[in-house]
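The values are calculated or read from the model by the stated rules, or taken from the named source; none is laboratory data. This is a predicted model, so every value here is computed, not measured. With ideal geometry, Cβ positions are generated from the backbone for all residues, glycine too; neighbour counts draw on all protein chains shown.
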Amino acid sequence: MTTFAGEYLQEKRLKVAREIGHVLNREAEAGVRAGSITPDVVEAILDSGLMKIGVATEVGGEACSYAEWAAVLEELARADGSAGWCYMATSSHAASFSAVLPDAGVEAFYADGIPPVIAGMPAPRGRAERVEGGYLFTGKHQFASGSALADHFVGGGVVHDSEGTPIMASNGAPEMIAVIIPRDEVRLLGNWNVTGLEATASIDFEIGPIFVEEGKVVHVNPWPTKVYRGTSFWALGVEILGPLGHCAPALGVSKRALQEVAALAPTRKRVDAMFPTVGDQPLFRHDLVARWADLQATHLLWDDLLRRLDDWTEHNDAAPPRELVDRAKYVARHIHDTALKCVDFAYHWSGTVGLRSEGVVGRCFRNVHAMDVHIAVDRNNFVVAADSVMPLLAEGAADFA
């Protein structure tokens, strides 16, 4: 149950997000040109205190629900999708790792109550050889979103024994860990020349060979089913947390696209049309309200998912059931489909305004289309989720058998 103090604190966080959002918005086009968020954006985010939200209070953070963290993220993404994406990547690492790292890890990385700013991905592209006291890790990795913010990088790897054989975990999949390495010990490789999310600087990087102590690694598979500290939500595991992290940025950017085209429409004229402005055209008016209804309905589905996941973690110390994993996957995919409809609509009706290489509508269009190709929200999420959705629906048919 949310307390009055909790509501006050969340409103304060959102106020800070809106305030620095002006900086993020102002610097967005410069970030596109540079291929990275600008120094002003880096300073605004790091000085805002928002990197502490979601981080366990035991290590100097400001614990909150996932929904509260996501609301701040959505507001930042509404200002600029790339900056919001950078915040998503780095702050989710700081929050989740504060909950699941062993004590030696938090003592090393969360010194003096300051959370680390961690870019990179825990996906198992590297190799970890189990040795006495820890692991010998090496690997080349991609997509270090938020690298301009980061003072640390994270990379994942499959664990091998001394013979070079992958070690299997109790769940039948390879054992996987993620290591957190200081920035000055990581080789930055660049390779970020893209269309959409240009300013995220989601570069390639290389780690190792380097020895990492056992107490300073995150166990990705199997993921801990009970957190050591902080909010229980971070015990859900990467199958759920991966797609979830992408939802708030998509919601924020698509909302901004609709806001921009709605503001443009009353003055935007089309010489070949029978109506004075775009805003007077019945088709535009119809579709604007339809897309806004879609976005609001999708947000309600998102809110419902977060309540279900919170309820599970608060009452269980076990891996979530398949139905919840599948639900997270298909809701995340649906959110991105809705976001695509919104930005495509805004792009079409903005005319040449959206076509220009600089401008909010075109940037929103590119950013959501870039978000859409991420593997965490792949369209096969629907296919996989059918394994639990079909039987659930079929049970309802049995009511009338």
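For segment 363-389, the set of residues classified as surrounded by 15 or more Cβ atoms within 10 Å (Cβ to Cβ) and among the small types (Gly, Ala, Ser) consists of ALA370, ALA376, ALA385, SER388, listed by residue number.
Note on segment 293-315: among residues that are more than 16 Å from ALA248 (Cα to Cα), more than 18 Å from the chain's Cα centre (by Cα) and of a type outside the set (Ser, Thr, Tyr), the one that is surrounded by the fewest Cβ atoms within 10 Å (Cβ to Cβ) is HIS315. For first residues located in segment 343-360 and of a type in the set (Val, Ile, Thr), partners that are in a loop (DSSP other than H, G, I, E, B) and lie 6+ apart or on another chain with Cβ distances below 8 Å form the pairs VAL353/ARG268; VAL353/GLY359.
Is it fair to say ALA89 is modelled with pLDDT of 95 or more and over 20 Å from ILE203 (Cβ atoms)?
On the way: modelled with pLDDT of 95 or more: yes; over 20 Å from ILE203 (Cβ atoms): no.
No: the conditions fail for ALA89.
One residue stands out in segment 105-122 among those that are modelled with pLDDT of 95 or more and touching a strand residue (DSSP E or B) at 6+ places or on another chain (Cβ under 8 Å): the one that is nearest to GLU19 (Cα to Cα), namely VAL117.
So GLY172 passes all but one of these: (1) surrounded by fewer than 16 Cβ atoms within 10 Å (Cβ to Cβ); (2) outside any loop (DSSP other than H, G, I, E, B); (3) modelled with pLDDT under 95. Which condition number does it fail? (2) is the only condition that GLY172 fails. The set of residues in segment 184-225 being at positive phi and over 19 Å from the mean Cα position of the chain (by Cα) consists of GLY190, ASN191, GLY208.
Can you pull out the helices (runs of 4 or more DSSP H) entirely within segment 325-401 that have at least 1 residues that are more than 19 Å from the chain's Cα centre (by Cα), over 20 Å from GLY196 (Cβ atoms) and modelled with pLDDT under 95?
Answer list for segment 325-401: 380-397.
Against the condition surrounded by 23 or more Cβ atoms within 10 Å (Cβ to Cβ), within 30 Å of GLY359 (Cα to Cα) and modelled with pLDDT of 95 or more, how does ALA70 come out, does it pass? Yes. Screening the candidates LYS341, LYS329 for the property of being closer than 30 Å to PHE275 by Cα and not hydrophobic (A, V, I, L, M, F, W, C) yields one hit, LYS341.
Here the condition is being surrounded by fewer than 17 Cβ atoms within 10 Å (Cβ to Cβ) and out of contact with any Pro (no Cβ under 7 Å at 6 or more places or on another chain); of GLU198, GLU213, GLU239, GLU260, it holds for GLU213 alone. Against the list (1) at pLDDT below 95; (2) assigned to a strand (DSSP E or B), the condition ALA178 fails is (1). Being farther than 30 Å from ALA293 by Cβ and without any contact (Cβ under 8 Å) to a residue 40 or more places away in the chain holds for only one residue in ASP161, ASP204, and it is ASP161. Any residue that is under 23 Å from GLU239 (Cα atoms) and either assigned by TED's automatic domain parsing to the domain that holds VAL32 or assigned to a loop (DSSP other than H, G, I, E, B) (or both) - is there at least one of those in segment 134-155? Within segment 134-155, one or more residues are under 23 Å from GLU239 (Cα atoms) and either assigned by TED's automatic domain parsing to the domain that holds VAL32 or assigned to a loop (DSSP other than H, G, I, E, B) (or both).
Conditions (1) of a type outside the set (Ser, Thr, Tyr); (2) at pLDDT 95 or above; (3) surrounded by 18 or more Cβ atoms within 10 Å (Cβ to Cβ); (4) touching a His at 6+ places or on another chain (Cβ under 9 Å), marked per residue:
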{"site": "ARG18", "(1), (2), (3), (4)": "yes, yes, no, no"}
{"site": "ASN25", "(1), (2), (3), (4)": "yes, yes, no, no"}
{"site": "ALA30", "(1), (2), (3), (4)": "yes, yes, no, no"}
{"site": "SER36", "(1), (2), (3), (4)": "no, yes, yes, no"}
{"site": "VAL41", "(1), (2), (3), (4)": "yes, yes, yes, no"}
{"site": "GLY49", "(1), (2), (3), (4)": "yes, yes, no, no"}
{"site": "ALA56", "(1), (2), (3), (4)": "yes, yes, yes, no"}
